[in-house]
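The values are calculated or read from the model by the stated rules, or taken from the named source; none is laboratory data. Just so you know, these numbers come straight off a predicted model, no measurement behind them. Using ideal geometry, Cβ is built from the backbone for each residue, glycine included, and neighbour counts are taken over all protein chains shown.
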Amino acid sequence: MTDSTIQTRQIITAEIIGTFLLIFAGCGAIIVNDLYGGALGHVGVNAVFGLVVMAVIYSLGNISGAHINPAVTIGFYFAGRIPAASIPPYLIAQAIGAVLAGTTLFFLFPEHQSYGATMPAIDTGRAFALEVLISFCLMFVILNVSTGHQEKGLMAGAAIGGTVTLFALFAGPVTGASMNPARSLGPAIAALNFESLWLYFLAPIIGMCLTSPFCRLIQGDDCCPAALSQTEA
């Protein structure tokens, strides 16, 4: 087995586990809050999302970069930080993690209806625009605190986890503040409710792909270089 094969296996495993933890803890918090008298509250639920993102970054960031988000992976590609060949393993692993988390929540809490699914509370156009904007802002922070595509560093986990909490606090009641196609996929599968799922797939990807020119404008070309070739790491 080559070093490249071992590394790919490690990345896939890390992304499966990381994405599972994000959805299991975050959407699990929504479910527990709904079923047990609002024990966590709005602030508590969103704090769980931020804390689990921070924990995953600190524990797995040196392995896979702790993307745990297909839009982040694609955003890193448009920022020139990963080659196109790296995208499929990440996306497959994130989808597997999302499905496993959604299935686990289904079996643990069969009495719940939505399993934390993201549904817009406003019209589709405004919901789409809001998800694009908050995804743009999240990726802007990620690009500025990460090295290459590695979301690991003394303050990277706190900065990114805090940003997730920040946008979830004010946008959560409006759109669910997904910013992550995998986060929306897991509960959608558990609830068998795919209404508006396209919005939560497309808007975060658009928002995160739009970020790199602005990062480059502020930080210079080294922040987001030209796209990598298929063979570059």
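Only one of Tyr77, Tyr115 is hydroxyl-bearing (Ser, Thr, Tyr) and not in a loop (DSSP other than H, G, I, E, B). Can you tell me which?
On inspection, the qualifying residue turns out to be Tyr77.
Of the numbered conditions (1) closer than 23 Å to Val99 by Cβ; (2) in a helix (DSSP H, G or I), Ala66 fails exactly one; give the number of that condition.
Failed condition: (2).
Say whether the condition of being touching a Pro at 6+ places or on another chain (Cβ under 6 Å), under 19 Å from Ala156 (Cα atoms) and part of a helix (DSSP H, G or I) is met by at least one residue in the range 13-28.
No - not one qualifying residue is present in the range 13-28.
Please tell me if Ile6 is touching a Phe, Trp or Tyr at 6+ places or on another chain (Cβ under 8 Å) and not small (Gly, Ala, Ser).
No.
Only one residue in Gly41, Gly61 is at pLDDT below 95 and not basic (Lys, Arg). Which one?
Gly61
Ala190 is checked against (1) aliphatic (A, V, I, L, M); (2) within 23 Å of Ile63 (Cα to Cα); (3) over 15 Å from the mean Cα position of the chain (by Cα) and fails just one. What number does that condition carry?
Of everything listed in (1) aliphatic (A, V, I, L, M); (2) within 23 Å of Ile63 (Cα to Cα); (3) over 15 Å from the mean Cα position of the chain (by Cα), Ala190 misses just condition (2).
Restricting the range 109-136 to residues that are more than 19 Å from Pro181 (Cβ to Cβ) and in contact (Cβ under 8 Å) with a residue 60 or more places away in the chain, which is surrounded by the fewest Cβ atoms within 10 Å (Cβ to Cβ)?
Filtering first and then ranking leaves Glu111.
Quick one: would you say Ala177 is under 26 Å from Ile96 (Cα atoms) and in contact with a strand residue (DSSP E or B) (Cβ under 9 Å, 6 or more places away or on another chain)?
no
I need a count of the residues in the range 33-46 that are part of a helix (DSSP H, G or I) and surrounded by fewer than 19 Cβ atoms within 10 Å (Cβ to Cβ).
Summing the residues that are part of a helix (DSSP H, G or I) and surrounded by fewer than 19 Cβ atoms within 10 Å (Cβ to Cβ) in the range 33-46 gives 6.
I want to confirm something. Restricting to the range 173-188 and keeping residues that are part of a helix (DSSP H, G or I), in contact with a Gly (Cβ under 9 Å, 6 or more places away or on another chain) and of a type in the set (A, V, I, L, M, F, W, C), which single residue is surrounded by the fewest Cβ atoms within 10 Å (Cβ to Cβ)?
Looking at the filtered set, the residue picked out is Ala188.
Which numbered condition in (1) farther than 15 Å from Val72 by Cα; (2) within 15 Å of the chain's Cα centre (by Cα); (3) not in a helix (DSSP H, G or I) is the only one that Ala168 fails?
Of (1) farther than 15 Å from Val72 by Cα; (2) within 15 Å of the chain's Cα centre (by Cα); (3) not in a helix (DSSP H, G or I), only one is false for Ala168: (3).
Select from the range 96-107 the residues that are among the hydrophobic types (A, V, I, L, M, F, W, C) and either buried (at least 19 other Cβ atoms within 10 Å of the Cβ) or free of Cβ contacts under 8 Å to residues at least 24 places away in the same chain (or both) and list them in ascending order.
Matches in the range 96-107: Ala98, Val99, Ala101, Leu105, Phe107.
Could you list all residues from the range 185-215 that are over 20 Å from Leu130 (Cβ atoms) and small (Gly, Ala, Ser)?
Passing the criteria: Gly186, Ala190, Ala191, Ser212.
Quick one: which of Ile57, Ile92 is surrounded by fewer than 24 Cβ atoms within 10 Å (Cβ to Cβ) and either touching a residue at least 12 places away in the same chain (Cβ under 8 Å) or closer than 20 Å to Cys27 by Cα (or both)?
Of the residues listed, the single one that is surrounded by fewer than 24 Cβ atoms within 10 Å (Cβ to Cβ) and either touching a residue at least 12 places away in the same chain (Cβ under 8 Å) or closer than 20 Å to Cys27 by Cα (or both) is Ile92.
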